[in-house]
Amino acid sequence: MIYALNRENMISKIYNGNATLANLPIHSRSYLYSSEWYTEFNVDKAKQILNNADFVNDGKKWTKNNTRLQFTLLVNEENEELLKVAEIIKDNLAEILIPITIKKMKMDAMQKAIEKGDFELALVSIDIKNNELNTYKMELDKLRNTNQELYGSIQKCPKIFRKLFTKYSW
């Protein structure tokens, strides 16, 4: 539903324009980044994707097989930036009739929920120290140079990241 998120507005409101638009947690100047991953803000396209996935819009909600499309979003209650982002996500998706419940949690409780796979959506930020970043870069370099499966490199990441990367990806 990235098409329904006005990320330019988030950058303006939360970061006063001092941020870079991204679709993935890969910096746009990284050799791993591809401009093909850019997704523009396009509410009509978001609605079309839902229609193509057999969701039905009755003017009040989206449903599929009599189940309403709605999500709970976990967010660290101590991170003011992420709380603001969560509110904008909630507002943006409400505009296309997808309700989001924001569940504010202490970081340790949120981490446990993610590790157990007990979440639908989680808004997280990654604070990686330079030496950790170099370790991950070396792993990604190995991946690129040996053409391994991405899953193998993900297994070497911290457990919480593996949960986030693999929850719905494989």
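The values are calculated or read from the model by the stated rules, or taken from the named source; none is laboratory data. Just so it is clear, the structure is predicted and the values come from calculations on it, not from any experiment. Cβ atoms come from the backbone with ideal geometry, glycine included; neighbour counts cover every protein chain shown. All accessible areas refer to the heavy atoms of the entire protein, side chains included, with ligands and DNA or RNA removed. Shrake-Rupley method; radii C 1.70, N 1.55, O 1.52, S 1.80 Å.
Accessible surface comparison of 7, 68, probe 1.4 Å, protein chains only, largest first: the order is 68, 7.
For residue 122, the amide hydrogen comes within under 5 Å of the amide hydrogens of 74, counting only partners 5 or more places away or on other chains and with H modelled in the peptide plane. Residues in the stretch 83-96 carry Karplus couplings, in order, of 5, 5, 4, 4, 5, 5, 4, 4, 5, 4, 6, 4, 4, 10 Hz; the curve used is 6.51 cos²θ - 1.76 cosθ + 1.60 with θ = phi - 60°, and Gly or Pro positions show x.
Using a probe of 1.4 Å on the protein chains alone, the accessible area found for residue 108 is around 100 Å². Legend: distances between Cα atoms for 84/112; 84/104; 84/106; 13/47; 13/84; 60/84; pairs beyond 18 Å are 84/112; 13/47; 60/84.
Of 78, 87, 115, the order by accessible heavy-atom surface (1.4 Å probe, DNA, RNA and ligands excluded), from most exposed downward, is 78, 87, 115. In this simple spin-label model, placing a label point 7 Å from the Cα along the Cα-to-Cβ direction at both residue 83 and residue 112 gives a separation of 2.2 nm. Positive-end ranking of 88, 65, 113 along the dipole of the stretch 55-118, with charges on Cβ about the Cα centre, is headed by 65.
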